[in-house]
Structure formats: structure tokens, C-alpha cells
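Working notes, beginning with the structure itself.
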């Protein structure tokens, strides 16, 4: 966890430095996204800085799915009275309908979104379950729709029951996008469209969803037919390419280094060309 937090801080700092060098009006938006453990580490990178830490780091939007109970940043920004927290900037939702129910002004102010299903054991499981009943397990008539009405808390039993729920929370059917437990595949498209303000029609979003389902099925079938291959399709392709380079008498590592150097040179040249044509920008220094 500590390593993940350090990496997030370093990455965001590097991105902020690069974005600050972008010409006015050409700065891209910075989105922070994390899933489960990734949500935990990317949130706790700002654990002592509230929502203001994200703002100061130049993060324009953040979307986290399946945040574990152990996120300290989440607990502090949601429940503590802190001067570095602007509650208008953050929201926690079980489904897209809850976000859509907000008034237009509240939706416009929202920048950092956590999607956490009410029946996701990953978001509910913690050591405190062994000694006290959780707030979400209140009177049956007041519980959220996806929390079983017949569930009861008792010392130890409640702890292990939610532990089992967490273990079973991510059972998915390939090609069938769902939104329950720790499965957030069906949530991603509508939340990304809303939070990022994507100018997409319902028909376009439906086509994207179909593409995602078909892509998942193709990947599942490919893995089933290549059980002896690496579990990552990209890693398998990379291994084949490296072997082809060796068979041709070339060092694949050197080929990659030269390719990356060429990409960096092209990027720097493109940036210099844009800066030179931006009104009010300083002329590029002469080549040595």
C-alpha cells in the first residue's frame, strides 16, 4: 500500500508539472481512476489533504469504483469535519440514478465520484464488524434496497458473513455487463459519460456497450483456447515479437530503446512546433 501511494503521488506530480508547461487553452483534463485496490491507493495518496489535495494536484475529475472499507481518505472526507474538504466536490453512489437525481447545480459542482454498491462486501468489510454492528445494517425497514432485510449482526458471525460476501462479490459472467457486488462493469459507461460530460448520444453509448461486451467475450474465448499461453494477450504478443527479433539476429531490448527514443523525439518536436505557432509564445531557442 505504501508503495502504491508513493507511486500515485509521483505520477500525479509529474503529470502536474507537464500540464503546467502546456500552452494556455491547450491543457488536457486530468482524470484519476481507480478500481478496488487501485481506488484505495490513489485515494490515500491524498490522505492528509482532503479534496483540496486533489484540486492542488491539478486533478480535474476522479472516478473510483469498489473503494475498499480501509481507505482512510474516504473516511476522512466523508465523515470528518475538515477545512480541506469541500463536500460539494465529492459524491458516493450505488447507481447512476442516484447521481441523476441531483439538482443541476449539484451535478455541475461534482468532481470526484465514488461508485460503491450497497451490497459490495469489499466496501463493507472491516475489523470493526467483529465487535459492533455497522451503520448500514440498521432496522430492516430503513436499509438500502440491496442489503438483505433478514440479515442480522452478532459478534464474530457478522464479521465472517461479510468476509464470505466479499470473497463472492466479484463473480462475473463474461460478456454480460452487470452492476452488483464488486462487479462494476455496467456502471462505467454511464458514470464516465456523466462525470466527464461526454457529448455522446444514447445510440452511441449503446454501440460502445456492445463493443465492450463483444471484446470481453473475444478475450475470454482467446484465453480459453490458449491455456498454455500467458494470461495476458499483450504479454503473449510481446513474447512472440521478441522471439521473432531474436530469430532475425536483433536484440529486442535495443529495438525497444530506439523506438522509445524516436517517440520522445517526435513528441518534443511536435510540442515545439505547437508552442512556436501559439500566439504570444516565446520563439524556440536556436539549435546548438
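Taking the condition assigned to a helix (DSSP H, G or I), touching a helix residue (DSSP H, G or I) at 6+ places or on another chain (Cβ under 8 Å), surrounded by 14 or more Cβ atoms within 10 Å (Cβ to Cβ) and modelled with pLDDT under 90, does residue 165 pass? So that I can check it myself, show each step before the final result.
Working: assigned to a helix (DSSP H, G or I): yes; touching a helix residue (DSSP H, G or I) at 6+ places or on another chain (Cβ under 8 Å): yes; surrounded by 14 or more Cβ atoms within 10 Å (Cβ to Cβ): yes; modelled with pLDDT under 90: yes.
In short, yes.
Counting only residues that are surrounded by fewer than 20 Cβ atoms within 10 Å (Cβ to Cβ) and in contact with a helix residue (DSSP H, G or I) (Cβ under 7 Å, 6 or more places away or on another chain), how many does region 62-75 have?
Here is the first cut: in region 62-75, the ones surrounded by fewer than 20 Cβ atoms within 10 Å (Cβ to Cβ) are 70, 72, 75.
Applying the additional criterion that residues be in contact with a helix residue (DSSP H, G or I) (Cβ under 7 Å, 6 or more places away or on another chain) yields 70, 72.
Count: 2.
Taken over region 10-37, the criterion of being part of a helix (DSSP H, G or I) and surrounded by 17 or more Cβ atoms within 10 Å (Cβ to Cβ) is satisfied by 12 alone. Applying the selection to region 42-61, what residues are touching a strand residue (DSSP E or B) at 6+ places or on another chain (Cβ under 8 Å), surrounded by fewer than 22 Cβ atoms within 10 Å (Cβ to Cβ) and free of Cβ contacts under 8 Å to residues at least 60 places away in the same chain? Passing the criteria: 59, 60.
The rows are residues; the columns are (1) surrounded by 11 or more Cβ atoms within 10 Å (Cβ to Cβ); (2) at pLDDT 75 or above.
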| residue | (1), (2) |
| --- | --- |
| 239 | yes, yes |
| 252 | yes, yes |
| 262 | no, yes |
| 267 | no, no |
| 285 | no, no |
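The values are calculated or read from the model by the stated rules, or taken from the named source; none is laboratory data. For clarity, every value in this text was computed on a predicted model and none was experimentally measured. Virtual Cβ from ideal backbone geometry, glycine too; neighbours counted across all protein chains shown.
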